[in-house]
Amino acid sequence: MLASERDVVNARQRARSIAASLGFDHHEQIRIATAVSEIARNAFRYARAGTVTFSVETAKRMFDIAVTDQGGGIPHLDKVLDGSYRSATGMGMGIVGTKRLMDDFAIDATRTGTSVRFGKRLPPLVQPDESMLQRVSSELARQHPATPIEELQTQNRELLNTLNELKERKEELLHLNEELQDTNRGVVALYAELDERADYLRRASELKSSFLSNMSHEFRTPLNSMLALTRMLLDRMDGELTAEQDQQVRFIQRSAKELAEMVDDLLDLAKVEAGKLEVKPKSFEVDDLFGALRGMLKPLLAESSLNLVFDADEHLPALFTDEQKVSQILRNFISNAIKFTPRGEVRVTARLKGNAVEFAVADTGVGISASDQRIIFEEFGQVENSMQKRVKGTGLGLPLSRKLAELLGGEVTVQSEVGLGSTFFLIVPSVYAGAALPADIPLPELDADKKLVLILEDNPETAFVYSRYLANAGFQGHTIASVEEARHFLTRLRPSAIILDLLLRAETTWDFLRELKKADQPVPVLVMSVTDDEHRIYGLGADAFLVKPFQPEAMIAEITRLTSDTPRLRILMIDDNEVSRYLLREHIPGTEYEIFEARDGREGLRLANELKPDIIFLDFYMPGLTGVEVLKDLRSTDDLAGIPVVLHSTKILDEAELKFFSENAVAIFPKQSLALPDSTARIKELMVTLAQHARMNR
């Protein structure tokens, strides 16, 4: 019972005694006694009475204490428990302190009283049983309650012991801190030395890379000159060579080619080590890669009885990595296999291995001993054998291949046995880790009332400006930043037009422009770029071209023209020369015109009557009917008389012929004009004029 201050002192004393009997150490005894003292004092102070109960929960291995009273409860209990409530008397501090000191804590406060239960887990080695609890009860029965003075003296001793322990720990911490400071000084000195060494190695690596790069470039010029000069000599451009001279020149040419290969490998190694070799991932099929390799390496087998076999597993996924670097690695493997395999077979295979593709180049050649397999991957490392004397190499191909494979996130390994051949493996991830396949490109929500314009532009600010002007003009713009994403987009949606930038950050789009115009259903393309190569741009099939910085009105006018629903004009080419028809067709944008071809005058007249074309291009000299005869027939036919005709011929006209064609309203565009630098601009200007005239006559 807590009826006086002395009862609070007795509760503290009993808590400490029981804790000692239960095997708690000195510090735990103090914590338990302090917690009991705080809660008991709160009960006595605020409820004027209460009870303290001690028990041992054998199942939970817990020393439990319960303090209950019949007071008015604790207002603001939530704030008391989270430590945010403070009263003038310090109410709640004992509760929060007890909760922190004990392992188990629960409190229940109502208007009719408060119950606080808390406990401490028994020490690990203590096994609570009936005999132990009886012993603890007997010890408590023999103890006499201590007076407040005795309890105070006990607390003072505990406090002094604690202070002494704290002092000892402080001295230990000071000593440890001094040791740490000495260690830190040593670590700082070591780091300084390591930084100095790292800086030295970095500068050495930079010097090496710079040297290799500069020397490689310096070697290239004379080597290219040597190769060009030997080619001239072997082509007999300055006269015949004797058989001995021919052989000598071929030796020089072969040596120059070997040096050129070594220079290229050195330059690539320097770029890899300097971190300047860029990975350009794109999607490609293994079958296409093998087809290209088969064509490139076929000349190496011209004087050999070797069989070169390519075998890829079915259903291999498309790779999304740097095709050029994968091809370079495999070319090194295959060329080495051919060099060191006097007879038999070189087999190139590919199979799926987890999330990667494993390429293997197996040969039936001389093989490599286990001790030499490490040397071949060292720069300029070569294995001495009889074949090595016959076929010289640079010793750079395999080291470069390994570094290129690592750059792609893959690896290169070898399995070989002397006399039984070798197998070189390249394992490369299906998807290059530095990029992601455009597998889930979000598609725009199409507006049925607006025509979709795909914007291939990697500058977000420029693309935003395009989109805003297009939106104001009634179009729907959608931006994509890479060619791969654009290819994937076009497999799912067909826009009304494409705005194409030729120079993206990581790639150019010349090849993509060619792809677009060779599609079964070509999409009109407006090229907008800082590249002012109008001849090449229109030559690859662009329908319109604007130079950056652009004029918004010009862009909208071109897009409006390219997406117009007006039927395409029909053009009929009447020319017996297939090459001439091809060249003219390449200069006329296929998205605006529908082109038909006739191989002679009679076929031209037949198609003209059937098609009723809007424009006719006519050659002068043709088998059967000449251009003049075809023109007379056209002008004498009511349905065809008004069709604009362009004389497209190499003939130089005399005055009478010029007068005849002028009287028949025939425009003249010589075939020679297609070879001029401004041919694209000329044909574009001509087509605009003819199209306007044709539409007026429809």
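When ranked by the protection proxy of mean other Cβ atoms within 10 Å per residue, highest first, what sequence do the peptides 642-650, 575-583 form?
Most protected by this proxy first, the peptides run 642-650, 575-583.
Ranked highest first by the average count of other Cβ atoms within 10 Å around their residues, in what order do 20-32, 240-252, 513-525 fall?
Ranked by mean Cβ neighbours within 10 Å, highest first: 20-32, 513-525, 240-252.
Output wanted: per-residue J couplings in Hz (rounded whole) for region 602-614, from phi through Karplus 6.51 cos²θ - 1.76 cosθ + 1.60, θ = phi - 60°, x for Gly and Pro.
Running phi through 6.51 cos²θ - 1.76 cosθ + 1.60 with θ = phi - 60° gives 5, 5, x, 5, 4, 5, 4, 5, 6, 8, 6, x, 8 Hz.
Work through the residues other than residue 664 whose Cβ is under 14 Å from its Cβ and net out their charges, Lys, Arg +1 and Asp, Glu -1. Let's see the in-between values first.
Working: positive: 632, 635, 659; negative: 629, 633, 657, 663.
Net charge in that neighbourhood comes out at -1.
Rounded to the nearest 20 Debye, what is the dipole magnitude of region 482-588 about its Cα centre when Lys and Arg each give +1 and Asp and Glu each give -1 at the C-beta? Working shown, then result.
Values: 14 positive and 18 negative charges, 60 e Å.
That gives region 482-588 a dipole magnitude of about 280 debye.
Taking the Cα centroid of region 11-72 and of region 613-654, what is the distance between the two, rounded to the nearest whole Å?
For region 11-72 versus region 613-654, the Cα centre distance is 118 Å.
Which FRET efficiency value, to the nearest 0.05, do you get for residue 182 and residue 518 by plugging their Cβ-Cβ distance into 1/(1 + (r/R0)^6) with R0 = 60 Å?
Result of the calculation: an efficiency of 0.20.
Post the alpha-carbon centroid distance, region 303-337 to region 470-523, in whole angstrom.
Each part's Cα centre sits 32 Å from the other's.
Each residue of region 307-319 in turn: what ³J(HN,Hα) in whole Hz from Karplus with 6.51, -1.76, 1.60 and θ = phi - 60°, glycine and Pro shown as x?
9, 9, 10, 10, 9, 10, 4, 6, 6, 5, x, 5, 7
Output the pairs from 280/325; 280/403; 325/517; 298/325; 79/120 with a Cα-Cα distance over 18 Å in this structure; if there are none, say none.
Numbers: 280/325 9 Å; 280/403 16 Å; 325/517 28 Å; 298/325 20 Å; 79/120 24 Å.
Over 18 Å Cα-Cα: 325/517; 298/325; 79/120.
Roughly what % antiparallel, to the nearest 5, for the DSSP beta bridges in region 451-562?
5 percent
Tell me, what HN-Hα J-couplings in whole Hz come from the Karplus equation 6.51 cos²θ - 1.76 cosθ + 1.60 at θ = phi - 60° for each residue of region 346-355, using x for Gly and Pro?
For region 346-355, the Karplus curve yields 10, 10, 10, 10, 9, 8, 7, 9, x, 9 Hz.
All of the numbers you see were taken from the coordinates with simple rules; none came from a lab. This one's a predicted model, so the numbers in the text were calculated from it and none came from an experiment. As a convention, Cβ positions derive from the backbone with ideal geometry for all residues, glycine included, and neighbour counts pool all protein chains shown.
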